[in-house]
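The values are calculated or read from the model by the stated rules, or taken from the named source; none is laboratory data. This is a predicted model, so every value here is computed, not measured. Note: ideal-geometry Cβ built from the backbone for every residue, glycine included; neighbour counts use all protein chains shown. Just the protein is used for accessible areas: all its heavy atoms, side chains included, with ligands, DNA and RNA removed. Shrake-Rupley method; radii C 1.70, N 1.55, O 1.52, S 1.80 Å.
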Amino acid sequence: MSSVETWGMTWRGVIEEYAAFLPVSPETPRVTLLEGNTPLVPAVFLGKNAGVSVHLKIEGMNPTGSFKDRGMALAVAKALEEGKSAVLCASTGNTAASAAAYAARTGLRCWVVLPEGKVALGKVAQAVVYGAQILQVPGDFDSALKLVRQAAERLPIALVNSVNPYRIEGQKTASFEVTQALGHPPEALVLPVGNAGNITAYWKGFTELARSQDFSCPRMCGIQAEGAAPLVKGARVSDPETVATAIRIGNPASWDGAVRAAKDSGGTFQAVSDQEILAAYRILADKEGIFAEPASAAAAAGFLKLVDQGYFRKGARVVIILTGHGLKDPERAMALSPQIRTIPANLEALEGEIGSGA
Ligand code: AN7
């Protein structure tokens, strides 16, 4: 790991930066769009109100606007190393955008299968512009994932969903960054959980670090949307539904990894309603100046709910993972927007409007 002082201009992307901690050899191509090295921003409003110290890990600052880029860099590098010429994924959107970008970067063909009508506009736009072959299927992400897993067994194509272990390996690098930026791991890590790859990855990263250094791992707090909360309920959800389409998943592929992370860390799973998600979405923007997509806001909503339950000790250091950028889902933002008024293009009209609001 490089020191914090060398971050910035010399950042080389997650594979090169963390090669010693990843299953790579000198022959593994250093595929990168300079993913990782994302900001850890203090959340003054959330922290003060809760009596804890809160930082937000802004994963929306990755090259395609989500945390998926960390794992995708490595998954695509390995696909290249293995001589594959195409990648395939099912996706609620962000995996598709990331796969499409890294495939474009490396000259691989990219096939993405989306749940019809349930992917945020910005993510589809990304997949289109990066040149992916886009297909949609009726039903939810879970059936799309089942389909691509079957196809990947029959075709010479690299499956780049988080069932691909290289995705998990790449994503664990975020736990290294959090630890390095704070100087120690936080006491709790709060993150949204859909297919459960990310919580599995963070936990792998923290436990690997704890083996070589003397510190305790954070309690892992996995947040799900109420209508798609299999890990909270302890049972698959057959018709997942939530405003946070990224985590509209009823049967997480990394179920066991998620359960282990929460259990072994002394953490928890928590469900939040769509109303709580949208309230947190607005608090992040309004009070912290941070625009995160609804699935990421779910983590902030979960944090607020855990605060209400007295879950954190006073002064605890908590990191909330904001997994994707708010611009991913412009339709959600506009649905909340008041009517924008047109005024005459003159000073009098503008001054009249601003009035005592200056
Ligand atoms: C913004 O893109 O599953 O628990 O296909 O896009 O590791 O699945 C996205 C998931 C959280 C949940 N936040 O992470 C996909 C996909 C955002 C996400 C998650 C997703 P996992």
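Overview of results
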read-out: Failed item, numbered, when Ile58 is tested on (1) within 16 Å of the ligand (Cβ to nearest atom); (2) assigned by TED's automatic domain parsing to the domain that holds Ile283; (3) closer than 16 Å to Gly170 by Cα; value: (3)
read-out: Check on Thr342, among the hydroxyl-bearing types (Ser, Thr, Tyr) and under 19 Å from the mean Cα position of the chain (by Cα); value: no
read-out: Residue in the stretch 97-107 that is closer than 17 Å to Arg12 by Cα, in contact with a helix residue (DSSP H, G or I) (Cβ under 9 Å, 6 or more places away or on another chain) and within 16 Å of the ligand (Cβ to nearest atom) present; value: yes
read-out: When residues of the stretch 66-93 are limited to those that are within 16 Å of the ligand (Cβ to nearest atom) and open to solvent by 10 Å² or more (accessible area, probe 1.4 Å), the one farthest from Asp140 (Cα to Cα); value: Phe67
read-out: Candidates Leu159, Leu182 - the one that is in the same structural domain as Leu108 (by TED's automatic domain parsing), out of contact with any Phe, Trp or Tyr (no Cβ under 7 Å at 6 or more places or on another chain) and either surrounded by fewer than 24 Cβ atoms within 10 Å (Cβ to Cβ) or modelled with pLDDT of 95 or more (or both); value: Leu159
read-out: From the options Gln136, Gln126, Gln150, residue that is closer than 19 Å to Ala244 by Cα and open to solvent by 70 Å² or more (accessible area, probe 1.4 Å); value: Gln136
read-out: Restricting the stretch 187-205 to residues that are over 12 Å from the mean Cα position of the chain (by Cα) and either under 22 Å from Ser91 (Cα atoms) or surrounded by fewer than 24 Cβ atoms within 10 Å (Cβ to Cβ) (or both), the residue that is farthest from the ligand (Cβ to nearest atom); value: Glu187
read-out: Selection within the stretch 231-248 - touching a Phe, Trp or Tyr at 6+ places or on another chain (Cβ under 6 Å) and away from the ligand (no atom under 13 Å from the Cβ); value: Val232
read-out: Complete set of residues in the stretch 18-53 that are within 26 Å of Glu187 (Cβ to Cβ) and either in a helix (DSSP H, G or I) or of a type in the set (Val, Ile, Thr) (or both); value: Phe21, Thr38, Val41, Val44, Phe45, Leu46, Gly47, Lys48, Asn49, Ala50, Val52
read-out: Segments classed as helices (runs of 4 or more DSSP H), wholly inside the stretch 208-294, with at least 2 members that are open to solvent by 60 Å² or more (accessible area, probe 1.4 Å) and closer than 18 Å to Leu189 by Cα; value: 255-264
read-out: Matching residues in the stretch 244-263 - criterion: being within 21 Å of Ser91 (Cβ to Cβ) and charged (D, E, K, R); value: Arg248
read-out: Residue in the stretch 1-8 that is surrounded by 15 or more Cβ atoms within 10 Å (Cβ to Cβ) and either modelled with pLDDT of 95 or more or among the hydroxyl-bearing types (Ser, Thr, Tyr) (or both) present; value: no
read-out: Residue that is farthest from Ala201 (Cα to Cα) [pool: residues in the stretch 145-163 that are in a loop (DSSP other than H, G, I, E, B) and of a type in the set (A, V, I, L, M)]; value: Leu155
read-out: Count of residues meeting criterion [aliphatic (A, V, I, L, M) and either outside the structural domain of Ile277 (by TED's automatic domain parsing) or within 16 Å of the ligand (Cβ to nearest atom) (or both)] in the stretch 299-333; value: 9
read-out: Selection from the stretch 38-54 of residues that are open to solvent by 40 Å² or more (accessible area, probe 1.4 Å) and either closer than 27 Å to Thr92 by Cα or within 16 Å of the ligand (Cβ to nearest atom) (or both); value: Pro39, Val41
read-out: Flag for Phe215 being more than 16 Å from the ligand (Cβ to nearest atom), of a type in the set (A, V, I, L, M, F, W, C) and in contact with a Gly (Cβ under 7 Å, 6 or more places away or on another chain); value: no
read-out: Subset of the stretch 55-65 (residues that are assigned to a loop (DSSP other than H, G, I, E, B) and either basic (Lys, Arg) or surrounded by fewer than 24 Cβ atoms within 10 Å (Cβ to Cβ) (or both)); value: Pro63
read-out: Qualifying positions in the stretch 301-358 - in a loop (DSSP other than H, G, I, E, B) and either in contact with a Leu (Cβ under 6 Å, 6 or more places away or on another chain) or in contact (Cβ under 8 Å) with a residue 40 or more places away in the chain (or both); value: Tyr311, Phe312, Arg313, Lys314, Gly315, Ala316, Thr323, Asp329, Leu336
